[in-house]
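The values are calculated or read from the model by the stated rules, or taken from the named source; none is laboratory data. All figures in this text were calculated on a predicted structure; none of them were measured in a lab. So basically every Cβ, Gly included, is an ideal-geometry build from the backbone, and we count neighbours across all protein chains shown.
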2 protein chains.
Amino acid sequence: METYRTPLDAAFHALSDPTRRAIINRLMTSPAPVKELAEPFSMGLPGFLKHLRVLEDSGLIATEKAGRVRTCRVRIERLAEAETWLSEQRALWQARTDRLANYVETQMSGNEDED
Amino acid sequence: METYRTPLDAAFHALSDPTRRAIINRLMTSPAPVKELAEPFSMGLPGFLKHLRVLEDSGLIATEKAGRVRTCRVRIERLAEAETWLSEQRALWQARTDRLANYVETQMSGNEDED
DNA sequence: ACAATTGTTCACCGTATGGCAAACTAATGT
DNA sequence: ACATTAGTTTGCCATACGGTGAACAATTGT
């Protein structure tokens, strides 16, 4: 079903849906079975299961079935990858504003009364 | 075009495509005109412009046209929102593992020779 | 054995996505 | 004036997405 190329593609895609973010949010506190996870949402189980599959295919969660109950838990590593990408970007931004601040500073010490 | 509900939906969706992440990555260092941004990619301009629109609609970038050149720059706030959501989730996870560690510890001090 | 609980599969639907090619507009260089 | 550059619009396409209802397992409680 998921044709996503890289893990990051899949992770960000999975996070782009509010239902799925809510699921992640819930699972951060503790693992839970499918039924309990589904309860807060108005949609039917089939639709809900699709969301779970998107999450599982993305690696953001893992599931395991015991008896008739499938228990879901978060895989924090994948979430960390997304976080890492974002913080790398912010590092680039930081480097840039640092350069800019530095430039402004050298300019000002050159002509202190400039506008 | 974008029917996205919340800013977070739109931001994560925008980031789920490798082309768009590459654009963001490029823009982190400095603003750039459309043509220069498009050069590294094999696709045509119309397709590329769609990516730019997704990014702009998500609030991850802003663009401004001067003469015939449209310059694009990152809007760091929106990226920060995504980062914030992720770190909130990790805080929940952290709280959980802390609780768990605490529990294990109290158990061990109760029966120190247990397996 | 039987019913209830829990999950799964299937076929379907309307809309969005990611791409293309072609035609077009607007600003700039010569 | 004319050609070039830079971007835009339009129409099209195949596939993916988010949801539905109906039928079908498989486990568990009584």
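Test of understanding: among A:P7, A:P46, A:P40, which residue is touching a residue at least 24 places away in the same chain (Cβ under 8 Å) and surrounded by fewer than 19 Cβ atoms within 10 Å (Cβ to Cβ)?
Only one candidate passes the filter, namely A:P7.
Kindly indicate whether A:R75 is near DNA strand C (Cβ under 10 Å from one of its atoms), among the charged types (D, E, K, R) and surrounded by fewer than 20 Cβ atoms within 10 Å (Cβ to Cβ). Even if it seems obvious, please write down each step before you answer.
Working: near DNA strand C (Cβ under 10 Å from one of its atoms): no; among the charged types (D, E, K, R): yes; surrounded by fewer than 20 Cβ atoms within 10 Å (Cβ to Cβ): yes.
No; evaluated as a whole, the condition is false for this residue.
Does B:L100 meet the test of being on the phi < 0 side of the Ramachandran plot, of a type in the set (A, V, I, L, M, F, W, C) and away from DNA strand C (no atom under 16 Å from the Cβ)?
Judged against the criteria, B:L100 is a match.
Does the stretch B:73-92 contain any residue that is over 26 Å from A:L92 (Cα atoms) and modelled with pLDDT of 95 or more?
Within the stretch B:73-92 (the criterion being over 26 Å from A:L92 (Cα atoms) and modelled with pLDDT of 95 or more), the answer is yes, since at least one residue qualifies.
Within the stretch A:24-35, which residues are in contact (Cβ under 8 Å) with a residue 40 or more places away in the chain and more than 7 Å from chain B (Cβ to nearest Cβ)?
Matches in the stretch A:24-35: A:L27, A:P31, A:A32.
Only one residue in A:E83, A:E105 is closer than 21 Å to B:R96 by Cα and not in a strand (DSSP E or B), so which one is that? So that I can check it myself, show each step before the final result.
Details: A:E105 fails: closer than 21 Å to B:R96 by Cα.
Every option except A:E83 fails the conditions.
Sort through A:L49, A:L45, A:L60 and tell me the only one that's modelled with pLDDT of 95 or more, more than 8 Å from chain B (Cβ to nearest Cβ) and more than 13 Å from DNA strand C (Cβ to nearest atom).
Exactly one residue qualifies, and that residue is A:L60.
Within the stretch B:49-72, track down each residue that is part of a loop (DSSP other than H, G, I, E, B) and either in contact with a strand residue (DSSP E or B) (Cβ under 9 Å, 6 or more places away or on another chain) or surrounded by fewer than 16 Cβ atoms within 10 Å (Cβ to Cβ) (or both).
B:L60, B:G67, B:R68
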